[in-house]
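As structure tokens, the structure follows; a few thoughts come after it.
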Amino acid sequence: MSSTPVVFIHPFPFDARIWRSQLDVIAKSRITLAPDLRGFGRNRAATYPASVDQHARDVLGLLDRSGVGRAAIVGLSMGGYVALAMQRLAPERIAALMLCDTRADADTPAVKESRTARMARIREEGISSLPEEMLPSLVAPACAANTRLELREMILEQDARGIEAALGALRDRPDSTPVLETVAVPCAVVCGALDALTPPSVMRAIADRIPGARWFELPGAGHLSCREAPDAFNSAMLQWLEAVP
């Protein structure tokens, strides 16, 4: 078994189950950790408020409790924000980095306003309408019906307080663009070719700022590339891990 563990950090508004296909591929060859971030999945009883830095410290704490010194970090969307916060807070703990369908820059004022409005709606109405609001922009138009159903059910199983707190964390996260040039470990940047939220142009700019980063664009996939194109995603992941002892 390879010595460097791999940590998977999930996107919003899902939990660690979204990594099922990836865990199935590498669980026999590497130690894997796939936490539910504060307020999600099995961690829904966590205290609030949350922040991207708090999520990063939570993952670092998990490494400590697991006896892991350095790990390869995979983060998608919100998970990418957390991975970049880990790189800023504790770069010595990161052995390799895979950034997927994410951003380095902070929210624009318009996006901040949109997140604040969504937080208010969730506080008043709950999350029953969230799948219909979000899924059209999270997956490609040709995404399989069974995948859409699984994603919808996963959203609805989350805690409304956790969703609201996470929206605040996303809204208030700092600009991580300066962090990109500090990455000095094997790095892969992965993007669904049909990602409507963080399109290839955005992700390619991230790859261009990270020294030696490998670029992978996954045909036919939207924002949730790990679930929409698992075979292509896993191929990119395994190629990246070839450089990680």
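Before moving on, here are some points about what is shown:
- Entry remark, the stretch 102-131: residues being in a loop (DSSP other than H, G, I, E, B) and in contact (Cβ under 8 Å) with a residue 24 or more places away in the chain number 9 in total.
- Residues within the stretch 132-157 that are out of contact with any Leu (no Cβ under 7 Å at 6 or more places or on another chain) and assigned to a loop (DSSP other than H, G, I, E, B), tallied: 5
- LEU194 fulfils the conditions (1) in a loop (DSSP other than H, G, I, E, B); (2) touching a helix residue (DSSP H, G or I) at 6+ places or on another chain (Cβ under 7 Å) except for a single criterion, (2).
- Test: residue in the stretch 91-101 that is in a loop (DSSP other than H, G, I, E, B), of a type outside the set (A, V, I, L, M, F, W, C) and buried (at least 19 other Cβ atoms within 10 Å of the Cβ): yes
- Residue within the stretch 158-177 that is free of Cβ contacts under 8 Å to residues at least 12 places away in the same chain and under 18 Å from ARG88 (Cα atoms) present: no
- Selection within the stretch 53-90 - crowded, with 19+ Cβ neighbours inside 10 Å, among the β-branched types (Val, Ile, Thr) and not in a helix (DSSP H, G or I): ILE73, VAL74
Each value in this text was obtained by applying a stated rule to the coordinates, not by laboratory testing. Predicted, not measured: the structure shown is a model, and the values here were computed from it. A quick note on method: Cβ atoms are made from the backbone with ideal geometry, for glycine too, and the neighbour counts reach across all protein chains shown.
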